[in-house]
1. Please find, among B:GLU104, B:GLU109, the residue that is outside any strand (DSSP E or B) and touching a Leu at 6+ places or on another chain (Cβ under 7 Å).
2. Any chance you could count how many residues in the stretch A:1-48 are more than 11 Å from the chain's Cα centre (by Cα), among the hydrophobic types (A, V, I, L, M, F, W, C) and not in a loop (DSSP other than H, G, I, E, B)?
3. Would you confirm whether any residue within the stretch A:100-109 is out of contact with any strand residue (DSSP E or B) (no Cβ under 7 Å at 6 or more places or on another chain), under 23 Å from B:LYS57 (Cα atoms) and at pLDDT 95 or above?
4. Sort out which residues of the stretch A:8-32 are within 25 Å of B:TYR33 (Cβ to Cβ) and more than 10 Å from every other protein chain (Cβ to nearest Cβ), and write them in order of number.
5. Taking only the stretch A:33-46 into account, find how many residues are hydrophobic (A, V, I, L, M, F, W, C) and facing chain B (nearest Cβ under 8 Å).
6. Among the residues of the stretch B:80-89, are any within 26 Å of A:TYR36 (Cα to Cα) and modelled with pLDDT under 95?
7. Can you report the number of residues in the stretch A:86-115 which are among the aliphatic types (A, V, I, L, M) and without any contact (Cβ under 8 Å) to a residue 12 or more places away in the chain?
8. Among the listed residues B:THR38, B:THR20, identify the single one that is over 21 Å from B:PHE106 (Cβ atoms), free of Cβ contacts under 8 Å to residues at least 60 places away in the same chain, within 14 Å of chain A (Cβ to nearest Cβ) and of a type in the set (S, T, N, Q).
Amino acid sequence: AQSVTQPDIHITVSEGASLELRCNYSYGATPYLFWYVQSPGQGLQLLLKYFSGDTLVQGIKGFEAEFKRSQSSFNLRKPSVHWSDAAEYFCAVVLASGGSYIPTFGRGTSLIVHP
Amino acid sequence: DTGVSQNPRHKITKRGQNVTFRCDPISEHNRLYWYRQTLGQGPEFLTYFQNEAQLEKSRLLSDRFSAERPKGSFSTLEIQRTEQGDSAMYLCASRQLAGVVTGELFFGEGSRLTVL
């Protein structure tokens, strides 16, 4: 069955520390890959996306993600976390086929930032 | 570009009542999606439209749920005979098919439903 897994429900980091959030997918082909962020009371905002080409993609707010086909992963990274990064992060995948385009989301990882 | 707008932002209702949520997508976006998000979970797909055509509705949670987009612009999601398990955030998103296609969905801030 097709699925998106975010194995970490919560991650706690200190401000200024590096961050990596994990995302794995289970699809027969390489899907389109996305990371979204959701702050309390806000809608989901796109951080970055991967369709094809360079497997290291840069996004907004200093985030980047690396697509690794062999590991079916698309992990999100940031070298130095700011207190304002505390939010919920969602990985999403789309396997576009036959005109259908329905993003499937992981359960999310809640990022807690300590001063 | 005024973004995706959802109304109401919060709705409290009693079990058994009907509720309707409205979504106004970004004006040039052809596709409109509805998702449900419960506490501690990611968005769960419900249904989507291309213009006025509903392309997928098999994942609506029960026959109490229905959605429409009559003129290909705004959309409504109706829940009939609400149950406490319907309490959740209902998210709307839209996507552009013409011009510069970025592939991403643009989300509204959601409509939170509480069923007492």
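1. One residue alone meets the criteria, B:GLU104.
2. So the answer is 4.
3. So far as the stretch A:100-109 goes, yes, one or more of its residues are out of contact with any strand residue (DSSP E or B) (no Cβ under 7 Å at 6 or more places or on another chain), under 23 Å from B:LYS57 (Cα atoms) and at pLDDT 95 or above.
4. A:LEU21, A:CYS23, A:ASN24, A:TYR25, A:SER26, A:TYR27, A:GLY28, A:ALA29, A:THR30, A:PRO31 - these are the residues of the stretch A:8-32 that are within 25 Å of B:TYR33 (Cβ to Cβ) and more than 10 Å from every other protein chain (Cβ to nearest Cβ).
5. Residues of the stretch A:33-46 hydrophobic (A, V, I, L, M, F, W, C): A:33-35, A:37, A:44, A:46.
Checking the rest, the ones that are also facing chain B (nearest Cβ under 8 Å) come to A:34, A:44, A:46.
So the answer is 3.
6. Among the residues of the stretch B:80-89, not one is within 26 Å of A:TYR36 (Cα to Cα) and modelled with pLDDT under 95, which makes the answer no.
7. If we filter the stretch A:86-115 for residues that are among the aliphatic types (A, V, I, L, M), which is where we start, we get A:86-87, A:92-96, A:102, A:111-113.
With without any contact (Cβ under 8 Å) to a residue 12 or more places away in the chain added as a condition, the list becomes A:102.
Summing the residues that are among the aliphatic types (A, V, I, L, M) and without any contact (Cβ under 8 Å) to a residue 12 or more places away in the chain in the stretch A:86-115 gives 1.
8. Only one candidate passes the filter, namely B:THR38.
The values are calculated or read from the model by the stated rules, or taken from the named source; none is laboratory data. The structure displayed is predicted, hence computed values, not measured ones. Here the Cβ is made from the backbone with ideal geometry for all residues, glycine too, and neighbour counts use every protein chain on show.
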